[in-house]
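The values are calculated or read from the model by the stated rules, or taken from the named source; none is laboratory data. What you see is a predicted model, and the numbers here were worked out from it, not measured in a lab. Virtual Cβ from ideal backbone geometry, glycine too; neighbours counted across all protein chains shown. With ligands, DNA and RNA removed, areas are computed over all heavy atoms of the protein, side chains included. Shrake-Rupley method; radii C 1.70, N 1.55, O 1.52, S 1.80 Å.
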Amino acid sequence: MTVLVTGGAGYIGSHMCLALLEQGEDVVVLDNLSTGLRELVPSECVFVKGCVGDEHVVRGILARHDIDAVIHFAGATVVPESVERPFFYYRNNTAATRNFLETVSDHGVGRVVFSSTAAVYGTPESGTVAETAPTAPASPYGRSKLMTEWMLEDGARAGAFRYVALRYFNVAGADPEGRTGQSTPRATHLIKLACQAALGRVPHLGIFGTDYPTPDGTGVRDYIHVSDLVVAHLLALRHLRRGGESGVFNCGYGTGYSVREIVAAVERAADCRLAVREMPRRPGDLASVVADPGRLKARLGWTPRFDDIDAIVGSALAWERGLALDGTVLSPLVGRPRTPALQINYPT
Ligand code: UDP
């Protein structure tokens with residue numbers, strides 16, 4: 001049996017591929033390389049370049065591989081971009097996933113693991129947020145993902161498949177063995193940008209908003225190491241294969257760090273002072289978003305291994321050091337030679 005990983009050339013997807021291969025799974029990657037990088041797809045995977053919304057491509061894969069589960073990462077993920085380009089987010093995330101889910105369920109694929117987001121919650125009332133909290137997304141990105149959760153719920157109710165939607169909090173860090181990491185061109189995420197600032201690759205780090213109702217006035221987030229996150233996916237897959245029920249699960253540690261605390265962690269890791277510039281709030285941003293991860297621990301048996309902000313930042317910085325100035329992945333620095341995965345172009 002084979003797992004289809006959409007977005008497997010991306011940041012989280014490429015970590016997922018490595019983890020699946022380590023478990024002895026066969027992996028097919030579907031990625032349109034709009035933000036992903038072909039060289040991040042492990043050479044043991046079959047790589048198909050294409051869009052998840054393209055039913056011909058998806059059918060081609062399903063006809064040729066014995067896919068028993070899909071892990072669906074592909075999508076656009078930048079909150080402020082979604083505020084500026086809502087229709088792109090609804091097409092690329094929601095509409096494309098609608099096509100994808102219909103195609104895989106028509107083919108009888110009965111297990112779906114989906115990358116959802118804490119952005120479905122909107123403004124949390126206080127403290128940590130559990131899965132039972134009301135959903136009220138504040139951005140088109142969050143709405144595009146919540147609509148997908150609704151499609152999953154309806155599909156499961158109709159008997160099309162069973163699913164696990166994982167609501168990611170802030171994913172950061174890189175593979176501890178240095179095989180892959182955050183390499184998305186023009187990434188906007190705090191820890192990556194702070195590492196770039198520490199390495200002198202951007203002139204300074206902007207702090208977006210210093211007047212939030214948080215202890216130091218800057219935004220608070222729950223940063224989860226990407227390696228712990230991919231383990232949550234492995235557990236979700238095992239749960240579904242064992243006949244477990246559909247559900248949504250938060251993926252975070254339950255600890256919040258402010259932007260200034262992240263700056264301090266990067267300064268510790270890089271042993272330098274960061275040039276920071278205080279800026280206005282960013283559209284769509286919330287003051288504080290911290291997970292209650294109790295359900296993931298209790299029901300899927302998840303035990304985090306990298307719940308340590310210095311470990312997260314240290315691995316992110318190590319990966320960033322191994323990138324060229326233009327963001328290219330440099331072969332000698334990634335732990336093993338980068339032989340691209342076999343690319344198959346299915347006739348459509
Ligand atoms: N942030 C910042 N400067 C940056 C990027 C992000 O101050 O260059 C802040 C952002 O306002 C938020 C936190 O860092 O409070 C995390 O933002 P990120 O874009 O990493 O993830 P998001 O929470 O938006 O998914």
For every helix of n ≥ 4 consecutive DSSP H residues, a contribution of -39,500 (n - 2.57) applies; sum these over the chain, divide by its total residues, and give [θ] at 222 nm rounded to the nearest 500 deg cm²/dmol. -10000 deg cm²/dmol
Quick check: net charge around Asp310, other residues with Cβ under 13 Å of its Cβ, Lys/Arg +1 and Asp/Glu -1? -4
Normalised contact order of the chain, rounded percent, pairs of Cα under 8 Å and 6 or more residues apart: 22 percent
Label Arg305 and Leu21 with points 7 Å out from Cα along Cα→Cβ: what is the distance between them in nm? 1.7 nm
Accessible surface of Met1 in the full protein assembly, 1.4 angstrom probe, to the nearest 10 Å²? 130 Å²
Cα gyration tensor shape of region 93-180, rounded if a/c is under 1.5, else prolate or oblate by comparing a/b with b/c: oblate
Which percentage, to the nearest 5, of the DSSP beta bridges contained in the chain is antiparallel? 5 percent
With only Lys, Arg, Asp and Glu charged, each at its Cβ (+1 for the first two, -1 for the last two), find how big the charge dipole of the chain is about the Cα centre; round to the nearest 20 debye. 280 debye
Does region 1-111 classify as rounded, prolate or oblate by the C-alpha gyration tensor (a ≥ b ≥ c root eigenvalues; a/c under 1.5 gives rounded; else a/b over b/c gives prolate, otherwise oblate)? oblate
Suppose all protein chains stay in the model; what accessible area per residue would a 1.4 Å probe give for region 35-174, in Å²? 40 Å²
Glu102 accessible area, 1.4 Å probe, all protein chains in place, Å² to nearest 10: 90 Å²
Could you rank the peptides 227-236, 128-137 by their average count of other C-beta atoms within 10 Å per residue, with the highest value first? 227-236, 128-137
Packing rank of 284-296, 67-79, where each peptide gets the mean count of other beta carbons within 10 Å, highest leading: 67-79, 284-296
Calculate how many DSSP beta bridges within region 133-272 are antiparallel, expressed in % of all such bridges and rounded to the nearest 5. 20 percent
Could you tell me which of Thr148, Ile224, Ile262 has its Cα farthest along the dipole of the chain towards the positive end, charges placed at Cβ (Lys, Arg +1; Asp, Glu -1), taken about the Cα centre? Thr148
Accessible area (Å², per residue) of region 194-333, counting only protein heavy atoms and a probe of 1.4 Å: 45 Å²
Surface/4 of the Cα convex hull for the chain, nm²: 16.0 nm²
Going by average Cβ neighbours within 10 Å, how do the peptides 184-194, 259-269, 111-121 rank, with the highest at the top? 111-121, 259-269, 184-194
Carbon and sulfur together cover what percent of the accessible area of the chain at a 1.4 Å probe radius? 50 percent
Mind running the shape call on region 175-237? Use the C-alpha gyration tensor, a ≥ b ≥ c as the square roots of the eigenvalues: rounded below 1.5 for a/c, prolate if a/b tops b/c, oblate otherwise. oblate
Once all protein chains are kept in place, Arg321 shows an accessible area at probe 1.4 Å, nearest 10 Å², of 120 Å²
Tell me, in nm to one decimal, what length is gained between Thr123 and Asn99 on full extension, where the rule is 0.36 nm per residue of separation less the Cα-Cα distance? 5.6 nm
